[in-house]
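Enquirer: Here it is, the structure in full.
Where a number appears in this text, it was derived from the coordinates with a stated rule and is not lab data. Source: prediction; values computed, not measured. We place every Cβ from the backbone using ideal geometry, glycine too, and count neighbours over all the protein chains shown.
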């Protein structure tokens, strides 16, 4: 892979207090190629801060939605704009530390993984003690997701998810709200690619501090587990199936390199469908 191979996508909604701090840490990453930030029609000072940051850092590509569409739509917009061989999701609220991103993408850089999830539970690192009901809800959703996918994840709802670029750019994402986590897990499992987990820290927020997920999002996640595991085929999950060699094959190459035209073709098709 190229030295600068990482695209970081950042969905943003009313994060005027933390956005600049997140960007400051992201631009220090040695593998960084670009930061794609999508402002989901924030109503605070986020847009003004983002404009200043974009002027200061050439790595930033910024887009603003004309109305609030939810996290998954912001991510879909961002993925279409990425060019990196590796793509990772970073929330703008500093619940997750960008300095740990090199640990998350390391299995992909080593040629061992196609997808890597961070886990707040795999090995206990620094983690703020917060809502017990959220912990139970996360464990139950992870259990049900694992039963449906037959993979043994420990934290399906974790923000940190890193992908070979061709996998996420070719994936058809149709959920809304906070449905992204469940949908991409189901579709990555259908692809039978190598999925790894790595332990991360978690600096959670309270609702008073700006946390946005609600009980309805947990209900929707349960629905998405059924929908994307039982009623969605592999072919229907991707614009074009990524191609890469089996693990242990000395000729194995990153998915983003195995089909030079795949990323541009999939991205162009996605743009045409949006229009």
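Enquirer: Taking every pair of alpha-carbon atoms in segment 15-137, give the share separated by more than 18 Å as a whole percent.
Expert: Details: 4436 of 7503 pairs.
Percentage above 18 Å: 59.
Enquirer: Rounded if a/c is under 1.5, else prolate if a/b is larger than b/c, else oblate: which is segment 96-205, with a ≥ b ≥ c the root eigenvalues of its Cα gyration tensor?
Expert: Cα axes put segment 96-205 in the oblate bin.
Enquirer: A further question on this structure: Given segment 1-47, report the % of alpha carbon pairs whose separation exceeds 13 Å. Before the final figure, lay out each step's value.
Expert: On the way: 612 of 1081 pairs.
Summing the P(r) of segment 1-47 above 13 Å gives 57 percent of all pairs.
Enquirer: So what is the relative contact order of segment 6-254, in percent, for Cα pairs below 8 Å that sit 6 or more residues apart? Let's see the in-between values first.
Expert: Values: 448 pairs, mean separation 54.4, N = 249.
Once divided by the residue count of segment 6-254, the mean separation gives 22 percent.
Enquirer: What's the extension gain from residue 219 to residue 133 if we count 0.36 nm per residue and subtract their Cα-Cα distance?
Expert: Fully extending the segment from residue 219 to residue 133 adds 29.6 nm.
Enquirer: Using r as the Cβ-Cβ distance of residue 28 and residue 68, and R0 as 22 Å, what FRET efficiency do you calculate, to the nearest 0.05?
Expert: In this case the efficiency is close to 0.15.
Enquirer: If you don't mind, there's one more thing I want to ask. I'm a student and want to see the number: the projected area of the Cα convex hull of segment 6-254, averaged over all directions, in nm².
Expert: Taking the Cα atoms of segment 6-254, their convex hull projects to 12.8 nm² on average.
Enquirer: Next up: Quote to one decimal, in nm, the extra length available between residue 110 and residue 57 on full extension: 0.36 nm per residue of separation minus the C-alpha distance between them.
Expert: The residue 110-residue 57 span can extend by a further 16.2 nm.
Enquirer: Okay, next question. Quote to one decimal, in nm, the extra length available between residue 233 and residue 152 on full extension: 0.36 nm per residue of separation minus the C-alpha distance between them.
Expert: 27.1 nm
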